[in-house]
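First up is the structure itself, then whatever we jot down about it.
Just so it is clear, none of the values below were taken in a lab; they were calculated from the coordinates. What you see is a predicted model, and the numbers here were worked out from it, not measured in a lab. Here Cβ is always computed from backbone atoms with ideal geometry, including for glycine, and neighbour counts include all displayed protein chains.
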Amino acid sequence: MGSVSRSMLFFNGHNISPAATRFMLMCSKPSASRPKTPQEVVKEIKDSLMALDTTTAVEVKVLDKALEEVENNFVTLRCMLCGDGEAEPTMDQVLRLALEVCKEDVLARMILKLPYLGWEARKDLVHCWSILLKQKVDSRYCSVEYVENHFEFLDFLVVCYDNKEIALNCGLMLENA
């Protein structure tokens, strides 16, 4: 992998988008501690999405920080589901993520917070949603079963489809469901 810096939008001599640069930076961060487990990542996502509930309009800085944390957690989830460009994800890790996301009701929180997220976070969320729905765990698709048992979330995506800012994201999520 070529060298990457925040100010550089070139990779191995090719111009890349700011989103791709951000993804590469997040996935390639050297970790001083051990890698996070799927349970830890899902807990962090759940906590950061819940932090959006506790902030008020007066606490703009807190809200901005909470949104940034959600975005960082979605990038981590995406790296664990897709790999980081150097290493492929392990199937066991992907399956454990799928189980944890359903068990902890994180899919519901992801869907319900979609209108509050920024473009990059929504894009990562849609990508992760697509991967999670395709994961077969012990001969069953746990994410699909979760959605089937919580049909109101699909109704929510249909209603949100009227919002121009998130219509593309909702449409892609409904297409994958």
Neighbour cut-off at most 15 other Cβ (10 Å), DSSP loop, GluC sites (Glu not before Pro), region 82-140:
Glu86, Glu104
With contacts defined as alpha carbon pairs under 8 Å and 6 or more residues apart, what's the relative contact order of region 35-176 in percent?
23
For Met50 and Val137, calculate 0.36 nm times their separation in residues minus their Cα-Cα distance, and state this gained length in nm to one decimal.
28.6 nm
For Val60 and Ser130, extending 7 Å from Cα along the Cα-Cβ vector and measuring point to point gives, in nm, a value of 3.5
What is the Cα radius of gyration of region 127-177 over 2.2 N^0.38 Å, N being its residue count?
1.19
Simple spin-label model, 7 Å along Cα-to-Cβ: Ala167 to Thr90 in nm?
4.4
Compute and list, largest first, the equivalent-ellipsoid semi-axes of region 35-176 from the alpha carbon gyration tensor, each √(5λ) rounded to a whole angstrom.
23, 19, 14
So who's got an amide H within less than 5 Å of the one on Val137, skipping anything under 5 residues away but keeping other chains? H placed 1.01 Å off N, in plane.
Cys142
Within the set Lys43/Lys123; Lys43/Lys65; Lys36/Lys113, which residue pairs have Cα atoms separated by over 26 Å?
none
